[in-house]
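The values are calculated or read from the model by the stated rules, or taken from the named source; none is laboratory data. Please read all numbers here as calculations on a predicted model, not as lab measurements. Cβ sites come from the backbone with ideal geometry, for glycine too, and all protein chains shown count toward neighbours. The protein model used for the area step is the full one, side chains on, heavy atoms only, and it has no ligands, DNA or RNA in it. Shrake-Rupley method; radii C 1.70, N 1.55, O 1.52, S 1.80 Å.
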Amino acid sequence: MSARDAILKRLRDRTDGPLAAPECDFAVVTDRGWSAQERLERFERLITSVHGEVVHCHENDWTSALIEVLASKGIKRLALGREHPVAAEARSALAEHGVALVDVDRDIEQWRREQFDDVDAGLTSTRGGIAETGSLWLWPTPDEPRLISLVPPIHIAVLEGSGLEDTFFDVVERHGWAAGMPTNALLISGPSKTADIEQTLAYGVHGPRELVVLVRHTKEAI
């Protein structure tokens with residue numbers, strides 16, 4: 001009898017029943033107990049520590065903050081969707097502000113050169129944020145494909161102030177990821193960065209060099 005067969009025989013001959021999987025304890029990855037204000041402060045501290053920018057604004061006037069960001073950064077061509085309320089509101093507000101709005105709901109082969117060479121920034125909604133790591137989470141759709149947050153030099157993301165969870169585990173559990181999710185979910189914790197062997201840090205090598213998060217608050221939360 002081989003050693004493998006001997007081990008399997010001993011397992012089959014056990015008299016105390018089959019081996020049971022240990023009970024999972026997820027306490028270490030959830031239940032931080034942070035208040036809404038603590039979550040927001042932690043999120044902002046972490047994402048700005050890696051060169052992300054946070055702009056607070058009122059949910060009913062957030063497009064004014066967007067217009068200011070576009071003007072301050074010299075953005076003339078903005079890639080965005082059409083159907084999501086964030087994109088629809090932005091389109092309406094920017095109609096007379098001299099910013100060219102680039103449609104993204106197209107086959108990438110039709111506008112690959114335009115996206116990589118001519119677009120100044122991409123605007124997306126977000127599904128929420130994670131306070132523990134200072135991260136945004138996005139589920140790309142045909143109306144907001146993942147490339148508009150990964151290719152343009154600047155990514156502008158709109159986050160609801162009430163949309164922060166403590167941990168990634170909380171996001172997965174409370175938003176039902178197990179029941180269905182897109183083929184590609186994005187976790188974004190700052191602009192793109194990399195370092196060479198001498199540890200010289202560079203931004204924008206593999207994606208956006210800047211990340212601006214517009215945090216929308218209700219009147220009561222401001």
Student exercise, region 143-208 dipole from Lys, Arg, Asp, Glu Cβ charges, in Debye to nearest 20
180 debye
Gain in span if fully extended, Ser64 to Arg127, counting 0.36 nm per residue against the direct Cα distance
20.5 nm
Express in whole angstrom the spacing between the alpha-carbon centres of region 127-144 and region 95-110.
22 Å
Excluding the sites themselves, what is the longest stretch of the chain that contains no GluC sites (Glu not before Pro) in a DSSP loop with at most 10 other C-beta atoms within 10 Å?
97-197
Can you put His206, His97 in order of accessible area, largest first, using a 1.4 Å probe?
His206, His97
Apply the Karplus parameterisation 6.51 cos²θ - 1.76 cosθ + 1.60, with θ equal to phi minus 60°, to every residue of region 99-104 and state each ³J(HN,Hα) to the nearest whole Hz, in sequence, with x for glycine and proline.
9, 6, 9, 9, 6, 10
From the phi angles alone, apply the Karplus equation (6.51, -1.76, 1.60; θ = phi - 60°) to region 192-205 and give each ³J(HN,Hα) in whole Hz, x where the residue is Gly or Pro.
5, 8, 8, 9, 7, 5, 8, 6, 8, 7, 10, 10, x, 6
Could you compute the net charge surrounding Pro191? Neighbours are other residues with a C-beta less than 14 Å from the C-beta of Pro191; K and R count +1, D and E count -1.
+1
Amide H neighbours of Gly128 under 5 Å, counting only residues 5+ apart in sequence or on other chains, H built in-plane at 1.01 Å?
Trp137
Using a Förster radius of 30 Å, what is the FRET efficiency between Val55 and Glu198 based on their Cβ-Cβ separation? Nearest 0.05, please.
0.35
Could you tell me which of Val99, Leu211, Ala65 has its Cα farthest along the dipole of the chain towards the positive end, charges placed at Cβ (Lys, Arg +1; Asp, Glu -1), taken about the Cα centre?
Leu211
Suppose every Lys and Arg Cβ carries +1 and every Asp and Glu Cβ carries -1, with no other charges. What dipole size does region 35-217 come out with about its Cα centre, to the nearest 20 debye?
200 debye
At 1.4 Å probe size, with the rest of the protein present, what percent of the exposed accessible area of the chain is carbon and sulfur atoms?
51 percent
Charges at C-beta only: +1 for Lys and Arg, -1 for Asp and Glu. How large is the resulting dipole of region 73-147 about its Cα centre, in Debye rounded to 20?
160 debye
Accessible surface, per residue, of the chain when the full set of protein chains is kept, probe 1.4 Å, Å²
59 Å²
³J(HN,Hα) computed for each position of region 148-154 - Karplus, 6.51 cos²θ - 1.76 cosθ + 1.60, integer Hz, glycine/proline x:
6, 9, 10, 9, x, x, 10
Please find, in a Gaussian network model of the chain (springs between Cα atoms separated by less than 10 Å), the residue of Ala36, Ala185, Ala27 whose mean-square fluctuation is greatest.
Ala27
Rounded to the nearest 10 Å², the 1.4 Å probe accessible area of Leu80 is 0 Å²
